[in-house]
Protein chains: 2
Amino acid sequence: MPETIPENSIGVVTPQMLHFDQPLALECGTTLPAYDLIYETYGTLNEERNNAVLICHALSGNHHAAGYHSMEDRKPGWWDSAIGPDKAIDTNRFFVVSLNNLGGCSGSTGPTTINPESGERYGPDFPIITVEDWVHSQARLADQLDIEQWAAIVGGSLGGMQALQWSITYPDRVRHVMVIAAAPKLTAQNIAFNEVARQAIRTDPEFHDGHYERENVLPERGLKLARMLGHITYLSDEAMGKKFGRELREGQINYSFDVEFQVESYLRYQADSFVGQFDANTYLRMTKALDYFDPAGKHGDDLSAALRNTTAQFCVISFTSDWRFSPARSKELVRALLDNDLKVNYAEVTANQGHDAFLMAIPHYLNLFSTYMNRVANEGGF
Amino acid sequence: MPETIPENSIGVVTPQMLHFDQPLALECGTTLPAYDLIYETYGTLNEERNNAVLICHALSGNHHAAGYHSMEDRKPGWWDSAIGPDKAIDTNRFFVVSLNNLGGCSGSTGPTTINPESGERYGPDFPIITVEDWVHSQARLADQLDIEQWAAIVGGSLGGMQALQWSITYPDRVRHVMVIAAAPKLTAQNIAFNEVARQAIRTDPEFHDGHYERENVLPERGLKLARMLGHITYLSDEAMGKKFGRELREGQINYSFDVEFQVESYLRYQADSFVGQFDANTYLRMTKALDYFDPAGKHGDDLSAALRNTTAQFCVISFTSDWRFSPARSKELVRALLDNDLKVNYAEVTANQGHDAFLMAIPHYLNLFSTYMNRVANEGGF
């Protein structure tokens, strides 16, 4: 291992690509004739093929959840704190699959992909994909990998929603579901924040109704605003206070509109680094997937009824300072699971990091996570 | 009274204007050689001149706090629920003065005013005004009106900050201070939301570094985004949920980026109606006044020390669901007041309306408000 890669990392990983040419009928009414999914795997699929774990990513996530892409890579995958040898999702025991969702912008088919029918990028013509659509596409990925049943499906935030949807759509194909820092549907406030982010992007004059690539521009201003706003909702008031307080970058107020407070500097930095990495059309679609997710909606707003066919065991985790998806939202899910006499572990972790806590190396959280996943492995006998 | 004007209203009111030609030295280092303030008064100043109440407005407020501007006016002033005959601030007993703050865009000198030195609008050259600057300008208004001491100074949100600053800057000139839904300083999260609003306006291509009027355009997109974002922080999650829930405007999901959820429609409507009424340069400066406000900062971050010369009696009110300026923030102030053995009434009103609760006709709140103001009047013997 080089100096840059820590010993408890899965090490250098290589993304793989699979092509799917069986048409996928989407909830919006469109059918995608074919698509590609990019994914990574960590660990080894055992002979019984019963040790596979699916990782579902959140709004701006991708398939690169753990390890490094090269020896020179400075940062590991987004959930490296939880996935690797002897980590919560122990790659010595589990075979972990992590994909970039359909409609994403990290390699799977999405708005930035060339549409083979037109020879141009899909751009704004790419359909709006729902959580249920993702679950279907992930099931096809499982088919290709010859994984009949996942030992566990694990996700945080929008990823937790996918994990939950799996237990409804394919109850026989998942034994354990971990729903972390998620909610069974968005509130009006959640939707409102998404709408401001969408308006920021869509009213940017360089958005060109989504055809910005054709015009050789990017709706940078809009995407930056969306990202800044997102960041505020990912952190708690307390976490921001601890991190930045009212600290001034130059030690004094300058009575100007340049960066004065450290928190302003942080937001602008986050926004600047996001713009080169993420596609605006994908961002818009991810927020729509969040807004639309509402399994209870198809069952008369009765979440318990929505879970009637679910057989998986659940581990639900929330964080005290998460105001985007507060513990109360996790408890709604827990109650509905209990209504169905399902096995549920629920933990509310005391953490001041806000929604982002699910990505962080918080000992109590990672201990809970490990404990649950060890049980999954022990139960599976691997 | 015409049908449109309710009986318990102060009725038709006429704004007045005062010119000030004594130069005003601002905290930013600039000196304004002269300026105008527009204001309204409700009720009658008594012979002893001791029944005057100053109303301080919040970010997007103005001088029109109560009554109607004409018989045809469909909406009363912004605090008509609290100001009028037999209302909390009873105009049968009090003489109420409500002004548009310096730097505003409703008639007082501000960015939209013609700068007599250049013959052009001030625009972005208008200085950043602080809460302390406002207090000085308000003291000059009091001088002109021959009001030596206010019976009370009352404000909500940014208005509450001005009321608090009065007690520090001019302790002898105010007997009672009402600080409603405010905080002794912003948190990093509060500043972060303001920064996103500012970036939305300032990165709008039609902002033209603040010279949009010269270009005959308006940074509409930016100002709309700022307003939408503001609205989310004025309402609680619960209030938004009760008002809109996940209700769909057309009863179904359309898989499009047009308005789908009612909350999206509400935000867009609020944004559209704001754009024609409010100046972007003023908006930017109002958010800076909020960010900079920090009386403790000048006293080694010791709020108690900042209040050492204060002699006023206080009534501090917070609302349970206000997450912009939560009850905890009001309690910081209450503790500092108690440290100085000042007389304090504090109430945390159970209300689900969020920060906007301070503008609403909530019976428990208005009862507290009336009770306190009646005491102020009784004590003054009028």
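Mind checking which residues of segment B:322-333 are outside any loop (DSSP other than H, G, I, E, B) and either open to solvent by 20 Å² or more (accessible area, probe 1.4 Å) or within 26 Å of A:T233 (Cβ to Cβ) (or both)?
As a first pass, look at segment B:322-333 and keep what is outside any loop (DSSP other than H, G, I, E, B): B:327-333.
B:P327, B:A328, B:R329, B:S330, B:K331, B:E332, listed by residue number.
Restricting attention to segment B:3-27, the residues that are in a loop (DSSP other than H, G, I, E, B) and either in contact with a Cys (Cβ under 7 Å, 6 or more places away or on another chain) or open to solvent by less than 40 Å² (accessible area, probe 1.4 Å) (or both) total 5. Among all positions in segment B:190-208, there is no residue which is under 30 Å from A:A296 (Cα atoms) and either touching a residue at least 24 places away in the same chain (Cβ under 8 Å) or acidic (D, E) (or both).
Listed by position, the strands (runs of 3 or more DSSP E) contained in segment B:28-122 that have at least 3 residues being open to solvent by less than 40 Å² (accessible area, probe 1.4 Å), among the hydrophobic types (A, V, I, L, M, F, W, C) and under 28 Å from B:T233 (Cβ atoms) are B:52-56.
Here A:Q138 fulfils each of the conditions (1) in a loop (DSSP other than H, G, I, E, B); (2) under 20 Å from the mean Cα position of the chain (by Cα) apart from (1). The set of residues in segment A:204-228 being surrounded by 19 or more Cβ atoms within 10 Å (Cβ to Cβ), outside any helix (DSSP H, G or I) and within 13 Å of chain B (Cβ to nearest Cβ) consists of A:D204, A:F207, A:P219.
So is A:R285 of a type in the set (D, E, K, R), more than 30 Å from B:D294 (Cα to Cα), at pLDDT 95 or above and crowded, with 19+ Cβ neighbours inside 10 Å or not? Please lay out each step first, then the result.
Numbers: of a type in the set (D, E, K, R): yes; more than 30 Å from B:D294 (Cα to Cα): yes; at pLDDT 95 or above: yes; crowded, with 19+ Cβ neighbours inside 10 Å: yes.
Answer is yes for this residue.
Against the criterion of being within 15 Å of the chain's Cα centre (by Cα) and surrounded by 19 or more Cβ atoms within 10 Å (Cβ to Cβ), A:A200 does not qualify. Which helices (runs of 4 or more DSSP H) sit wholly inside segment A:234-321 and have at least 2 residues that are within 14 Å of chain B (Cβ to nearest Cβ) and among the acidic types (D, E)? In segment A:234-321, A:237-243, A:262-275 are the helices (runs of 4 or more DSSP H) which contain 2 or more residues that are within 14 Å of chain B (Cβ to nearest Cβ) and among the acidic types (D, E).
The values are calculated or read from the model by the stated rules, or taken from the named source; none is laboratory data. This one's a predicted model, so the numbers in the text were calculated from it and none came from an experiment. Virtual Cβ from ideal backbone geometry, glycine too; neighbours counted across all protein chains shown. The area values use the complete protein model at the heavy-atom level, side chains included, leaving out ligands, DNA and RNA. Shrake-Rupley method; radii C 1.70, N 1.55, O 1.52, S 1.80 Å.
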